[in-house]
Amino acid sequence: MKSTKRLSLISAALAFVASLVLLNASAKAELFLYVAHFSSDDITVISIPDHEIVGNISLGAPRGAMDSAEGAVFDNRGAHIDDIIGSPDGRVLYVNRGIETGHKLGSPTKGEIVAVNTENERVLWSVPIDEGWPHHISLSDDGRYLYAPLFDRPFVAVVDTQKPGLAEPLHAPWGGHGSRLSPDGKRLYVGSILTDSLYVVDIAKNQIVQILSFRDGVRPFAFDEAETVLYTQLSRLHGFAVADLKTGEVTKTVRMPGLPAGFQGPKEFPHNVNHGLELSPDEKYLVAAGTAVNKAYIYSHPELELIETIDIGNDSNWVVFSPDSRFAYITNRTDNSVSIVSMEEMKEVKRIPTGGERPGRMRVVDVPNRR
């Protein structure tokens, strides 16, 4: 009798353990690459590491979209996703949309931050930014505050994701484009296209504490974990500048090969030659997109020796890495594709048509559960 009871208890315990194993397996985090499309205003979801499209997220009409009601000065012409970022726990995807209000197409005058549940890919909430065109966003390590430089205002919009709503903005330059937080989360780096400088903002004091000046507009930039050296693309430069973050001085200009003889860069603002630069998480490589020549340049780090030049798609725009540094992902806007570059093989191993129009910014997010 006791033996039978003991067996029953053991069976029940084993069943309980098995259920926990199944539960943990079903909730196991997976990596996904979220690719934002500027023109079609949607997001393609790509699995990692098999690199297959597994979904698409459409956000619908932007908040406050104007209709053709009598008395309206402008009709809303749609929204354009500028950037995306995942919460630290991977449960929320934050999307930055610029909203056109009847002025020059492709130049929004306001925007909104949209939160999307990564499990069911439904919109949780949106926070309007009624004045200013928000550009590339950053998120605090605890996920509480989201920072969006306003291109046409001297501020960084700050969104409190817990309320949600706008918090006090940060002082920043006109032409704010890219943004990155320092490793300790105390400083926000903001690159300006208009003032040819990069500004370091002390978040607690809401003060600009350092300015690094360059020869042209600051485009995508990256810096090392030790916060000693910064790399940035510049508007008219086929290459990138290197700056010492301790002294604020530019120490080197790296010019990439491959421009055809007589090359003429864009004559109209923003005069962008290349767009896309990132340091691998293990800090062994720096990858720079050569938008003008449809190539990716791989440099050793910190030596900055050119290791490989790789053919990619047309009109590259952004570079991100997988967390293990095995793959670099590069969006190709006029190809409507993403190039998958193996850092082990030093070559493009796959090119994925995204299904949307003008893929731009993208992020890798570790999602705990996706249906």
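The values are calculated or read from the model by the stated rules, or taken from the named source; none is laboratory data. Keep in mind the model is a prediction, meaning the values are calculated, not measured. Every residue, glycine as well, gets a Cβ built from its backbone with ideal geometry; the counts of neighbours run over all protein chains shown.
Across the range 45-62, the qualifying residues are those that are crowded, with 16+ Cβ neighbours inside 10 Å and within 23 Å of Gly98 (Cα to Cα), and the one among them that is farthest from the chain's Cα centre (by Cα) is Pro62.
Screening Ile211 against (1) over 23 Å from Ala289 (Cβ atoms); (2) touching a Lys or Arg at 6+ places or on another chain (Cβ under 6 Å); (3) of a type outside the set (Lys, Arg) leaves a single unmet condition, (2).
Residues in the range 340-371 that are acidic (Asp, Glu) and exposed (fewer than 15 other Cβ atoms within 10 Å of the Cβ): Glu344, Glu345, Glu357.
Only one entry of Val209, Val254, Val242 meets the criterion of being over 23 Å from Ile310 (Cα atoms), hydrophobic (A, V, I, L, M, F, W, C) and in a strand (DSSP E or B), and that entry is Val209.
Contact map, the range 324-342: first residue at positive phi, second residue of a type in the set (Ser, Thr, Tyr) and buried (at least 19 other Cβ atoms within 10 Å of the Cβ), Cβ cut-off under 8 Å, separation 6 or more or different chains; pairs are Ser325/Ser280; Ser325/Tyr285; Asn336/Thr354.
The C-beta contact set for the range 255-266 (first residue within 12 Å of Asn294 (Cα to Cα), second residue among the hydrophobic types (A, V, I, L, M, F, W, C) and surrounded by 10 or more Cβ atoms within 10 Å (Cβ to Cβ), distance under 6 angstrom, 6+ apart or interchain) comprises Gly258/Val293. Quick check: anything in the range 295-305 modelled with pLDDT of 95 or more, closer than 26 Å to Gly175 by Cα and outside any loop (DSSP other than H, G, I, E, B)? No: zero hits. Within the range 286-315, residues that are of a type in the set (Lys, Arg) have Cβ atoms under 7 Å from residues that are buried (at least 18 other Cβ atoms within 10 Å of the Cβ) in these pairs: Lys295/Ile310; Lys295/Ile312, counting only partners at least 6 apart in sequence or on another chain. When you look at Ser337, is it within 21 Å of Ile298 (Cβ to Cβ) and buried (at least 19 other Cβ atoms within 10 Å of the Cβ), yes or no? Spelling it out, Ser337 is indeed within 21 Å of Ile298 (Cβ to Cβ) and buried (at least 19 other Cβ atoms within 10 Å of the Cβ). Every test in (1) farther than 19 Å from Ile48 by Cα; (2) in a strand (DSSP E or B); (3) not small (Gly, Ala, Ser) is passed by Ile352 save one, and that test is (1).
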